[in-house]
Every structure is written in C-alpha cells, then in structure tokens.
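Colleague: What follows is a structure written as structure tokens; I'll ask about it next.
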Amino acid sequence: MHEASLAGGVLRVVEQSAAAEGFARVTMLRLEVGQLAGVEMRALQFALESIAPGTLLASARIEYVESPGVAWCLLCGQRSPLARRGDPCVHCGGYQLQPVEGTEFRVSEMLVEDE
C-alpha cells in the first residue's frame, strides 16, 4: 500500500511549508491526483485520516481533485483521453500511447492559519 507513504510525503510537504512560512495549522488542503497516477483514492483518504491526528493536518478539510488521463498516440499522432493504462486510442484503436496528462500527484492548494 504505497498510499501510506504518499500520505507521509504530503505531511512532510505541509511540515516543511509550515517551517518556512510560519503557520500553525492547515484548514484546507487540496490534492491533485491524476487518473493515471496509480493512486487508490480510498486508501489515500484512509492513510491521510490515520496520520492527521496530532499534526498540522489534524482539523484540515482535505479535498481531492482527480485530473483526467490524456495520452499521445504514437500511431495516429492524436491526443486521446485515457481512463486507465492499457486502454486503446479512441481515434485509431492503437495501443502505443504515451501519457501526457493525468500522472501527477501534488499539493495544489493550502489554506492555513497562524497561531
């Protein structure tokens, strides 16, 4: 379950930001998770809820924004929506696809409070 390590990474980003910016807690955290990032959303939610108590994320509202997958088809040269890896190009049916969007996992926004 790599979602637990992803949750730990999110907490480290928050803690490093707090050390640099001097805030006391996070009230809202928005994560952008690409459809092709290989993240199980329910497992990530569980992992973040599990590590939040006693941290800067303790009372934070966590929002998840799933960005769609898009790939470049090497056969027909067109961009194709891609719900999951292994799906064919919607234009030509080919399988030689290079993901170009939807692979990201990042903290996209934080609302914070001072002490």
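The values are calculated or read from the model by the stated rules, or taken from the named source; none is laboratory data. Since this is a predicted model, take the numbers as computed values, not measurements. Virtual Cβ from ideal backbone geometry, glycine too; neighbours counted across all protein chains shown. Heavy atoms of the whole protein, side chains included, go into the accessibility calculation; ligands, DNA and RNA do not. Shrake-Rupley method; radii C 1.70, N 1.55, O 1.52, S 1.80 Å.
Colleague: Ala20 to Gln98: FRET efficiency via 1/(1 + (r/R0)^6), r the Cβ-Cβ distance, R0 25 Å, to the nearest 0.05?
Modeller: Working: r = 35 Å, r/R0 = 1.42.
In this case the efficiency is close to 0.10.
Colleague: Still on this structure: Using the Cα centre of segment 1-54 as the reference point, and only Cβ charges (+1 on K/R, -1 on D/E), how large is the resulting charge dipole? Debye, rounded to the nearest 20.
Modeller: 80
Colleague: Can I ask one more? Which value in deg cm²/dmol, rounded to the nearest 500, describes the helix-derived mean residue ellipticity at 222 nm for the chain, given -39,500 (n - 2.57) per DSSP H run of n ≥ 4 and division by the residue count? Show your work: numbers first, answer last.
Modeller: Values: 2 runs with 30 residues, N = 115.
Calculated from helices alone, the mean residue ellipticity at 222 nm is -8500 deg cm²/dmol.
Colleague: What ranking of Val107, Val10 comes out by heavy-atom accessible area, probe 1.4 Å, highest first?
Modeller: Values: Val107 45, Val10 5 Å².
Ranked list, largest accessible area first: Val107, Val10.
Colleague: Report the net charge of residues surrounding Glu104, where surrounding means a beta-carbon distance below 12 angstrom and charges are Lys +1, Arg +1, Asp -1, Glu -1.
Modeller: -2
Colleague: In the neighborhood of Glu115, defined by Cβ-to-Cβ distances under 13 Å, what is the net charge if each Lys or Arg adds +1 and each Asp or Glu adds -1? Intermediate values should be presented prior to the final figure.
Modeller: Working: positive: Arg25; negative: Glu21, Glu113, Asp114.
Residues near Glu115 contribute -2 overall.
Colleague: Another question about this same structure. Please compute the length gained on full extension between Glu63 and Thr27, using 0.36 nm multiplied by the number of residues separating them and subtracting their Cα-Cα distance. Could you put the intermediate results ahead of the total?
Modeller: Details: separation 36, 0.36 × 36 = 12.96 nm, distance 1.10 nm.
Gain in length upon complete extension: 11.9 nm.
Colleague: What does the accessible area per residue of segment 31-86 come to in Å², with a 1.4 Å probe and no ligands, DNA or RNA counted?
Modeller: Working: 3160 Å² over 56 residues.
Ligands and nucleic acids excluded, the result is 56 Å² per residue.
Colleague: Here's another thing I want to ask about it. I'd like to know which of Val14, Leu82, Ser59 lies farthest towards the positive end of the charge dipole of the chain, counting +1 on Cβ of Lys and Arg and -1 on Cβ of Asp and Glu.
Modeller: Comparing the listed Cα positions along the dipole, Leu82 ranks first.
Colleague: Rounding to the nearest 20 debye, state how big the charge dipole of segment 56-115 is about its Cα centre with +1 on each Lys and Arg Cβ and -1 on each Asp and Glu Cβ. The partial results should precede the final answer.
Modeller: Working: 5 positive and 9 negative charges, 120 e Å.
So the magnitude is around 580 debye.
Colleague: Taking the Cα centre of the chain as origin, sum charge times position over the Cβ atoms of Lys and Arg (+1) and Asp and Glu (-1), and report the length of that vector in debye to the nearest 20.
Modeller: Numbers: 9 positive and 15 negative charges, 94 e Å.
That gives a dipole near 460 debye.
Colleague: Related question: Given the Cα-Cα distance of Arg85 and Phe46 and 0.36 nm per residue of separation, how much length would full extension add, in nm?
Modeller: On the way: separation 39, 0.36 × 39 = 14.04 nm, distance 2.43 nm.
Net length gain for the segment: 11.6 nm.
Colleague: Suppose R0 equals 25 Å; then what is the FRET efficiency for Cys76 and Phe105 from their Cβ-Cβ distance, rounded to the nearest 0.05? It would help to have the intermediate numbers written out before the result.
Modeller: Values: r = 29 Å, r/R0 = 1.15.
With a Förster radius of 25 Å, E is 0.30.
Colleague: A further question on this structure: Restricting to Cα atoms and excluding each atom paired with itself, what does the Kirkwood estimate give for segment 1-114 in Å? Spell out each step's value before the answer.
Modeller: Values: mean 1/r = 0.0647 Å⁻¹.
After inverting the mean inverse Cα-Cα distance, the result is 15.5 Å.
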